[in-house]
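Written out below as structure tokens is the structure these notes cover.
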Number of protein chains: 2
Amino acid sequence: MEYTVHELARLAGVTSRTLRYYDEIGLLKPGRLSESGYRLYGPREVDRLQQILFYRELGVDLETIKQIVHSPSFDELKALRQHREQLLEKRRHLDALIANVEKTIGAKERGIMMSDKEKFAAFKERLMEENEQKYGEEIRQKYGEEQVNRSNEKLRNMTKEQFDEAEKLSKDVLEALKEAMLSGDPGGEAAQRAADLHRQWLSFWWDHDSKEAHAGLARLYVEDERFKAYYDRVHPGAAEFLKEAILIYTGMKDR
Amino acid sequence: MEYTVHELARLAGVTSRTLRYYDEIGLLKPGRLSESGYRLYGPREVDRLQQILFYRELGVDLETIKQIVHSPSFDELKALRQHREQLLEKRRHLDALIANVEKTIGAKERGIMMSDKEKFAAFKERLMEENEQKYGEEIRQKYGEEQVNRSNEKLRNMTKEQFDEAEKLSKDVLEALKEAMLSGDPGGEAAQRAADLHRQWLSFWWDHDSKEAHAGLARLYVEDERFKAYYDRVHPGAAEFLKEAILIYTGMKDR
DNA sequence: ATAAACTTTGACGCAACGTGAAAGTAAAGA
DNA sequence: TCTTTACTTTCACGTTGCGTCAAAGTTTAT
């Protein structure tokens, strides 16, 4: 079954412009072109679009989606399971907002004061939700619910100074990683410095201050498409390179 | 209790840039300025920001939010109740997406085919949600919660043929309006035909099959900037002209 | 007194399209 | 078979809601 632009747009609830834009940026190419140059979408493209719409619903930017779905190691079933978990998390956030607005209504009806902090408690979670969208799901699967909640708790209690320091470290990691890749040696000084910066960054979120945990997360970086895509923006292969650097740094290279 | 930009940004989980931008566009002005020109936000602004964040969460554009919260008839408690309803609706949409991804997972695991329509069923609702975001809030405040929900219910139950017919009627209205304006006479045959086409179009969305409701909506067309802008694209003054035509058509001209 | 953090205004850049134009193709209607 | 309508192509400008940077001033901490 093949669809034209208009037909697929109607089927999926997007616009024709969206599909042409996705073609233009290489996110979703038509299966084939007709003799006249019309885009025609087949079953593979239909499934691909469904995945894309899930990622979009979860707020992932299009460039990242592109890298994820185009990865040779992309696992559709695994991705669907991840979508499900993140949609559930998104619903929990929405539940918090609904609880907050109900609390606000109740307070107003009874003439009871709500603290300013209470008024924004649910919106404040957005910061964590965005963090969650970037990393939470994978860490949750690998290291369990408790660790992620502890990371979020840490974030909630973090001062702006600490948050900014973590952000700066995050950027430093990327910069150091870029420089280290020029040398090509994951065991070299530059790469080891990137691994150390990464450890410092990690300490903002994690209690697992062990080499094992650090190394395990590093392995996750190439296993999961989103981490891979995030680091590979520095340079293709950066995620793999960082993993190697961290394995050497933690002494876990040969285990 | 007064907050600086930075303090309020942290409290609410937004950025300082966001607050300055909201000041710039007149959406959220600080309560007062310090001697040095620093923005200071008081309790009224805190409550206003909470409302704004609810609207933003619901995807309402900032210009619309501005018009709503600055309206003399703005009712905070009523707005909070509406937020609650719409957040619940948003959760239902999310529930549908979660059910859809679970269905997709189940189908893949069992090697069962899902129809292309099923794959996008939950995303298709986005069309209605966006319609809601564009017009629902205003119509809701003007004509109440129930009418908007009935419009959405009608849309949800509409066949593709009916939707297309409504779309075609929408275009017919614009075409007829364009022709009628050439005559310049809102009471003339051409203008009255445009008013009748509009009534036919309206019947797809509304239960209020009364002249009063039709006339009231017509008045809204020139009072509200978005409706005005939409019709004035045909020709400057088209919204006013259509209002006049509908008032004559419904016999409500002199009331 | 100095440094760091925060503030002001101004301004350019960006993502993800919407919208319009000009010209060609496919499908439906007379 | 011709005409009309609907859809297609590519190209290109516009929009929203900020992010980010710069330059200079103010407030707070050391």
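Laboratory data are not the source of any read-out in this text; all were calculated from the coordinates shown. All values derive from a computational prediction rather than experimental measurement. Reconstructed Cβ throughout: ideal geometry from the backbone, glycine too, with neighbour counts over all protein chains shown.
Observations on the model:
- Within the stretch A:1-71, chymotrypsin sites (Phe, Trp or Tyr not before Pro) in DSSP loop having at most 15 other beta-carbon neighbours inside 10 Å: A:Tyr38
- Between copies, A:Met1 shows label-point distances of 5.6 nm, shortest first, with the point placed 7 angstrom from Cα along Cα to C-beta.
- Shielding value for B:79-92 is 4, the average number of Cβ atoms from other chains within 10 Å of each residue's Cβ.
- Pseudo-label separations to other copies for B:Pro72 - Cα-to-Cβ vector, 7 Å, nm: 7.0
- Solution diffusion estimate, µm²/s, Stokes-Einstein, the stretch B:5-58, Kirkwood Rh from C-alpha pairs, 4 °C, viscosity 1.567 mPa s: 115
- Selected from A:Gly13, A:Gly37, A:Gly59, residue furthest toward positive end of dipole (the stretch A:5-78; charges at beta carbon): A:Gly37
- Between the stretch B:4-83 and the stretch A:1-54, the Cα center-to-center distance that results, in Å: 40
- Links that overshoot a 32 Å alpha carbon limit, given the list A:Lys117/B:Lys90; B:Lys29/B:Lys253; A:Lys178/B:Lys103; A:Lys119/B:Lys117; A:Lys78/A:Lys119: B:Lys29/B:Lys253; A:Lys178/B:Lys103; A:Lys119/B:Lys117; A:Lys78/A:Lys119
- Teacher prompt: A:Asp196 distances to equivalent labels in other copies, 7 Å Cα→Cβ, nm: 8.5
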